[in-house]
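The values are calculated or read from the model by the stated rules, or taken from the named source; none is laboratory data. Model, not experiment: these values are computed from the prediction. We place every Cβ from the backbone using ideal geometry, glycine too, and count neighbours over all the protein chains shown.
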Amino acid sequence: MDAEAFKSAMSHFASSVTVVTTDGAAGRAGVTVSAACSVSAEPPSLLVCIHHLSPAAEAIVRNGRFCVNLLAAGQDRVADCFAGRVAEFREDKFAAVQTVPTPGGCPAIKGATVAFDCKLAEVHRFGTHRLLLGLVEDVREIDDIPLLYANRNYHTIGPIAPAGRA
Ligand SMILES: Cc1cc2nc3c(=O)[nH]c(=O)nc-3n(C[C@H](O)[C@H](O)[C@H](O)COP(=O)(O)O)c2cc1C
């Protein structure tokens with residue numbers, strides 16, 4: 001299977017967009033991640049997949065903590081900043097946002113729909129990526145529409161009327 005054909009096929013997935021942040025002895029870092037999903041409610045746990053060369057992945061492993069910030073509609077520039085796409089903020093991505101510390105000490109991004117405060121539980125390596133499993137210890141939630149990424153572009157969603165109520 002050719003990697004480019006695989007990437008093209010995967011581009012049809014509509015994903016939520018998160019910025020995964022960390023802070024602690026190894027320093028503050030953050031990276032835009034669409035490969036984030038829930039694992040289980042018992043215990044409450046999340047999985048994020050980050051390239052093994054990412055300084056953020058290394059900082060998460062060394063800090064032992066991370067925060068998954070689910071971005072809201074309108075935060076596409078935040079996503080671009082934490083993906084290193086905005087030259088002005090490449091040196092200091094956090095200059096593009098306001099943050100508040102989670103109980104675990106990681107930066108929660110203001111305006112994000114949800115911030116999941118996680119303790120790193122397990123790290124696995126598969127191919128080019130690190131698979132980081134986190135135990136969710138706290139959530140900070142606001143009511144907003146999530147930002148989506150599909151077909152290599154940002155989108156937002158509107159509510160779909162439940163069946164029978166259209
Ligand atoms: C919408 C979007 C989703 C992304 N999802 C991921 C992802 O799931 N995992 C990953 O490793 N990189 C992902 N990236 C790429 C990283 O954000 C990008 O490579 C970033 O520059 C890495 O930053 P760092 O090297 O400072 O850690 C995504 C980028 C965008 C724009």
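Considering only residues that are farther than 16 Å from Ile109 by Cα, near the ligand (Cβ under 10 Å from one of its atoms) and not in a strand (DSSP E or B), which ones fall in region 35-59?
Taking region 35-59 first, the residues farther than 16 Å from Ile109 by Cα are 35-55, 57-59.
Imposing the further condition that a residue be near the ligand (Cβ under 10 Å from one of its atoms) reduces the set to 35-36, 48-55, 57-59.
Matches in region 35-59: Ala35, His52, Leu53, Ser54, Pro55, Ala57, Glu58, Ala59.
Output yes when any residue across region 57-80 is in contact with a Leu (Cβ under 7 Å, 6 or more places away or on another chain) and loosely packed, with under 14 Cβ neighbours inside 10 Å, and no when none is.
Looking through region 57-80, none of the residues is in contact with a Leu (Cβ under 7 Å, 6 or more places away or on another chain) and loosely packed, with under 14 Cβ neighbours inside 10 Å.
Can you tell me which of (1) in a strand (DSSP E or B); (2) on the phi > 0 side of the Ramachandran plot; (3) not charged (D, E, K, R) is the one Gly27 doesn't meet?
In the conditions (1) in a strand (DSSP E or B); (2) on the phi > 0 side of the Ramachandran plot; (3) not charged (D, E, K, R), Gly27 misses (1) alone.
Which one of Ala121, Ala150, Ala108, Ala115 is more than 22 Å from Leu53 (Cβ to Cβ), within 14 Å of the ligand (Cβ to nearest atom) and touching a strand residue (DSSP E or B) at 6+ places or on another chain (Cβ under 8 Å)?
Working: Ala121 fails: within 14 Å of the ligand (Cβ to nearest atom); Ala108 fails: within 14 Å of the ligand (Cβ to nearest atom); Ala115 fails: within 14 Å of the ligand (Cβ to nearest atom).
None of the other options fit; the residue is Ala150.
Within region 83-99, identify whether any single residue is under 13 Å from the mean Cα position of the chain (by Cα) and either without any contact (Cβ under 8 Å) to a residue 60 or more places away in the chain or near the ligand (Cβ under 9 Å from one of its atoms) (or both), and answer yes or no.
Taking region 83-99 as the starting set, the residues that turn out to be under 13 Å from the mean Cα position of the chain (by Cα) are 83.
In the following step, the residues that additionally are either without any contact (Cβ under 8 Å) to a residue 60 or more places away in the chain or near the ligand (Cβ under 9 Å from one of its atoms) (or both) were identified as 83.
So far as region 83-99 goes, yes, one or more of its residues are under 13 Å from the mean Cα position of the chain (by Cα) and either without any contact (Cβ under 8 Å) to a residue 60 or more places away in the chain or near the ligand (Cβ under 9 Å from one of its atoms) (or both).
Provide a single number: the residues in region 25-52 that are touching a residue at least 60 places away in the same chain (Cβ under 8 Å) and over 18 Å from Gln98 (Cα atoms).
13
Is it true that Phe6 is within 20 Å of Leu131 (Cα to Cα), within 13 Å of the ligand (Cβ to nearest atom) and not in a strand (DSSP E or B)? Explain how you work it out, then say what you get.
On the way: within 20 Å of Leu131 (Cα to Cα): yes; within 13 Å of the ligand (Cβ to nearest atom): no; not in a strand (DSSP E or B): yes.
No: the conditions fail for Phe6.
What's the total number of residues in region 60-78 that are assigned to a helix (DSSP H, G or I) and within 13 Å of the ligand (Cβ to nearest atom)? Full working, then the answer.
Our first condition is that a residue be assigned to a helix (DSSP H, G or I); within region 60-78, this holds for 60-63, 76-78.
From what's left, within 13 Å of the ligand (Cβ to nearest atom): 60-61, 76-78.
Residues in region 60-78 being assigned to a helix (DSSP H, G or I) and within 13 Å of the ligand (Cβ to nearest atom): 5 in total.
Of the residues that sit in region 11-25 and are surrounded by 16 or more Cβ atoms within 10 Å (Cβ to Cβ) and under 25 Å from Glu91 (Cβ atoms), which one is farthest from the ligand (Cβ to nearest atom)?
Among them, the one singled out is Gly24.
Let's see how each residue does on (1) among the small types (Gly, Ala, Ser); (2) at pLDDT 95 or above; (3) in contact with a Lys or Arg (Cβ under 6 Å, 6 or more places away or on another chain); (4) closer than 30 Å to Pro103 by Cβ:
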site: Arg125; (1), (2), (3), (4): no, yes, no, yes
site: His129; (1), (2), (3), (4): no, yes, no, yes
site: Ala150; (1), (2), (3), (4): yes, yes, no, no
site: Asn153; (1), (2), (3), (4): no, yes, no, no
site: Gly164; (1), (2), (3), (4): yes, no, no, no
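Would you confirm whether any residue within region 126-144 is farther than 29 Å from Pro159 by Cα, touching a Leu at 6+ places or on another chain (Cβ under 7 Å) and surrounded by fewer than 19 Cβ atoms within 10 Å (Cβ to Cβ)?
yes
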